2 protein chains.
Amino acid sequence: MKKIMNSASTYVDDVLAGLVLAHPRLALGGSANRVVHRAGGARKGKVGITSGGGSGHLPLFTGYVGQGMLDSCSIGNVFEGPNVESCIDAIKIADGGAGVLRLYGNYGGDRMNFDMAGEFLEGEIETTTVLGTDDVASASPDEGKKRRGVAGIIYAYKIAGAKAEEGADLSAVTATAAKAVAATKTIGLALSPCQVPGSAKPTFEIAADEFELGMGIHGEPGLWRSKLKPADEIVDDMLSRLLEERPAGHGGRVSVLVNSLGATPLEELLIMYRRVAAKLRETGIDIVQPLVGHYATSMEMAGASISLCFLDEELEHLLSAPSGSPFWEVK
Amino acid sequence: MKKIMNSASTYVDDVLAGLVLAHPRLALGGSANRVVHRAGGARKGKVGITSGGGSGHLPLFTGYVGQGMLDSCSIGNVFEGPNVESCIDAIKIADGGAGVLRLYGNYGGDRMNFDMAGEFLEGEIETTTVLGTDDVASASPDEGKKRRGVAGIIYAYKIAGAKAEEGADLSAVTATAAKAVAATKTIGLALSPCQVPGSAKPTFEIAADEFELGMGIHGEPGLWRSKLKPADEIVDDMLSRLLEERPAGHGGRVSVLVNSLGATPLEELLIMYRRVAAKLRETGIDIVQPLVGHYATSMEMAGASISLCFLDEELEHLLSAPSGSPFWEVK
């Protein structure tokens, strides 16, 4: 697969340099220049929220740094978690004296490094952890804590970010982030792989007329593979798996995210969204603040994911609060 | 190439249905439901602006309907211009009694149908025409009127839209649109083709290690084909071609659009933008309101374009005026 790049070894640093040039509200810091943070720095007295992960998923994760969302984000090489040093830097940069929530996707390497960073800062900065676990295809409901984090984590960024902006303390922001994660379910489908810069091969192989339901964003195995089907049929299957996880007594308002993994165009996301909207209406569910576009990608991978965030009054209020990140702005 | 769709024959109508469901400020109208317009309808006394073109380029063209931009947009099948009837409908819907500017890309089929629509409405609605001709690779500077319109047309939408919103009359809005088109230059590069739904073959063929400079968004031949080169080298070539067209006496402020043709990820647009910003700084040019993302695509085609809009005081003022289209919002 063709890349517009200077070299595999400069890919990530060139991307980050471009990101902060294009978005002056973001700045680059940390000892290895692998932390993106709000240009103004931490806000004194506000709970900080930091995230992080591998590169190759823009606008995830760094594109959600901004007012009412993340304060900082540590970033690794493509599909590799940030190193401990960058996690430490990101926590320090996010700290405004009221503690820092580490809010990131449930992947082993990320977890190890964020945990070590928290231990390193023990006694200096109070930290808590919430892991994104929205991918319903990655483990069964009774093993929910084993699930991977994918596109739906942006709901937790938005909702916890708004809570912190309101002046809540660390334990309340942490509880709200956990509530947002628990309320958000995602399922993806893959059509074609991507290729890590410098790697000789694509991330996986798939026949020219096949798709895979539930495949992870790095090519982790999904639920099943099949010949391509009509979009409505695919969406119905995806939706029914998400609706199975609707919380008991849920009030009937959701936010929907239909997300491209990269090469799948907006046209096809809208074909999917049309069906999602029709089916949810049939089910008596109202859609609030839908998002359709490129929110969490794997470079040039073709495919898409659907996320539902099952709202209650508090979550809906926080979802609609102002936010000023470059890729999710609410005014 | 794999599509998430129900069938080739329903592709466009499914997309449009999804578009207006996801963006309630847009509505679908016209006798064949192929006109996207502002949900509130035309504003009495304001000059209307209509555009149109083939499907397959989202967010172009329909995604730029909204306050301070387009009033309506007629849309054809994938890579086919809107039919005369839809052009007539779109002009009528855009008409608030002060005349309607037809502002669209310079392609033969579109021109014929928009011209016939204007003639049909003669005596009823006053119309004028400005054609997008920003693609510098499609004809030499002395044949500027033969150039095709590509991504840069969104600057004309934004600038003429703001002028109309200020209450200017049809001739002033038309002159401003023409000025914005003249001030905007684009060059593209293609890495891989896309495929029209229902078609057996991709739009063109290109070797696995090649790219083509200046190729059009439907696969129209470009300037030259070569083995892939480092991004900075490619950007330098593209920029020097754009800067050759810098108007004499230009004051040194530009807006820059780095646009993905579809599959090329945000990462690689930012690698390009980093170089654009560095080179323009060297040249003593200041960047205003940069845009980096998916603004005018060809479905899953890989490639990118760079547009420069050479600003003067009036253009910069209109560029920063409020606008409320789903894919270019200024507050």
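Only the coordinates and a few stated rules stand behind these numbers; no lab work does. The structure presented is a predicted model; accordingly, all values stated were derived computationally and were not measured. Quick reminder, even Gly has a Cβ in these numbers, built from the backbone with ideal geometry, and neighbours come from all protein chains shown.
The set of residues in region B:122-134 being surrounded by fewer than 18 Cβ atoms within 10 Å (Cβ to Cβ) and either more than 16 Å from B:L103 (Cβ to Cβ) or within 13 Å of the chain's Cα centre (by Cα) (or both) consists of B:E122, B:G123, B:E124. Among the residues of region B:205-224, the ones that are closer than 17 Å to B:T264 by Cβ and within 14 Å of another protein chain (Cβ to nearest Cβ) come to 9 in all. Just the residues that are more than 15 Å from B:G149 (Cα to Cα) and aromatic (F, W, Y), please, taken from region B:53-77. Correct list: B:Y64 only. The single condition among (1) within 21 Å of the chain's Cα centre (by Cα); (2) more than 14 Å from chain A (Cβ to nearest Cβ); (3) not in a helix (DSSP H, G or I) that B:I159 does not meet is (3). Looking at region B:10-43 only, could you name the residues that are away from chain A (no Cβ under 12 Å), under 18 Å from B:G53 (Cα atoms), under 21 Å from the mean Cα position of the chain (by Cα) and in contact (Cβ under 8 Å) with a residue 40 or more places away in the chain? Listed by number, the residues that qualify are B:R34, B:V35, B:H37. Scanning region A:1-47 for residues that are under 30 Å from B:E212 (Cβ atoms), of a type in the set (A, V, I, L, M) and assigned to a loop (DSSP other than H, G, I, E, B) yields A:M1, A:I4, A:M5.
Quick check on region A:79-96: of everything there that is within 18 Å of the chain's Cα centre (by Cα) and not in a loop (DSSP other than H, G, I, E, B), which residue is farthest from A:Y107 (Cα to Cα)? By that ranking, first place goes to A:A90. In the set (1) buried (at least 21 other Cβ atoms within 10 Å of the Cβ); (2) assigned to a strand (DSSP E or B); (3) within 14 Å of another protein chain (Cβ to nearest Cβ), the condition left unmet by B:T50 is number (3). Filtered by the rule that a residue be farther than 23 Å from A:S323 by Cβ and polar (S, T, N, Q), region A:71-114 gives A:N77, A:N83, A:S86, A:N106, A:N113. Looking only at residues in region B:53-65 that are more than 9 Å from chain A (Cβ to nearest Cβ) and part of a strand (DSSP E or B), the one that is nearest to B:G262 (Cα to Cα) is B:G54.
Annotation note: of A:S72, A:S7, the sole residue that is under 15 Å from the mean Cα position of the chain (by Cα) and polar (S, T, N, Q) is A:S72. In summary, strands (runs of 3 or more DSSP E) completely within region B:162-274 and bearing 3 or more residues that are without any contact (Cβ under 8 Å) to a residue 60 or more places away in the chain and buried (at least 21 other Cβ atoms within 10 Å of the Cβ) occur at B:253-260. Checking B:N6 against (1) in contact with a Lys or Arg (Cβ under 9 Å, 6 or more places away or on another chain); (2) touching a residue at least 24 places away in the same chain (Cβ under 8 Å), only one condition comes out false. Which one? Condition not satisfied by B:N6: (2).
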